1. What FRET efficiency would be calculated for the residue pair Val45, Glu90, taking the C-beta separation as r and a Förster radius of 41 Å, to the nearest 0.05?
2. Residues of segment 68-88 with amide nitrogen under 11 Å from the 7 Å Cα-to-Cβ point of Asp30?
3. Report the residue, chosen from Gly171, Gly116, Gly19, that carries the largest GNM mean-square fluctuation when the chain is represented by alpha-carbon nodes joined by springs under 10 Å.
4. May I ask for the distance between the Cα centers of segment 70-117 and segment 153-170, given as a whole number of Å?
5. Take the Cα pairs of segment 60-199, get the Kirkwood Rh, then feed it into Stokes-Einstein at 37 °C and 0.692 mPa s and tell me D in µm²/s.
6. If the reach is capped at under 17 angstrom between alpha carbons, list the aspartates and glutamates near Lys64, excluding any in the same chain fewer than eight residues apart.
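No lab work stands behind these numbers, since they all come straight from the coordinates. Please read these numbers as outputs of a predicted model, since none were measured by experiment. With ideal geometry, Cβ positions are generated from the backbone for all residues, glycine too; neighbour counts draw on all protein chains shown.
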Amino acid sequence: MIPRIRSSRFELVVTAKSGRTSVLPISTEDAMNKRAAEEAVKSDVKAVKKRTVVASDRLPLPPKLVSDYQPVANVRAQEAQYYCEAQLDENGKPGRLPTNDEWEKMARGPKGFDFGTSDGTLKCGKNASCDAEASSVVGSFAASGFGTYDTVGNVGEWTKESNGDTYIRGGSWLVNVARYLRADYRYNDFPDYLGYYVGFRCVWSQERD
C-alpha cells in the first residue's frame, strides 16, 4: 500500500515582460524565497509573486485532465517509483525512475537539441504541449529523435538520483516560458510533492554488450 502523506507546498508565479506567466512549484518557504530572488533579477522577468498552497491530502484532478489517453499526474515521486518497480521487463527486471542524465539524454535526442521535440524547436501547441489549458493526449506531437513523446511540456516528470534527490523535468502544459521547457532545465523538489502538472515515466536498465 502506498502511504498517503500530507504536505505543504508553495508556488512562484513568474510573469515575463512579454506578459506570459508561469507557475513554478516549490516545496519549502526558504526555497521559495531564494528562488523568488533569483527570478526577480532576470532581465526578461517583469514580476514574481509568492503563493502558499494550503496543506491537504491528494485532491482529485480536474475533469479536463482525466481521460484514458492523457498522462498520469498528481503523483508523488515515491509513488511513481513504487509503480515503476512493479513493472517488469521481459527479463523480469523492475523499472525505476530515470536519473537526470538519463532523462536529459533522452529528451535531447541523438542530435543534442535544446528542446525535446522532433526538430529541436519549440512551438507550443504545434510541436509541444505547453502554454495550454490542459495536458494533451499522449503522442499528440511528433516523437523526439530517440522515439520518445512529450519530453517538452504536457506533464513534468520525476527523476531520481542515486543519492535519493528528486527533480522535476520537462516543464508542463502550464508553462509558457521557453527556458523552463529546455531539456537541461531542472528543479529540485521533495518527493512528497503533489501537482496536477507533475507525472513520470519509467525506465529499465539494460546490460551493455
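1. 0.30
2. The answer is none, because no backbone nitrogen lies closer than 11 Å to the label point.
3. Answer for the Gaussian network model of the chain: Gly19.
4. 8
5. For these conditions, the coefficient is 218 µm²/s.
6. Partners within reach: Asp131, Glu133.
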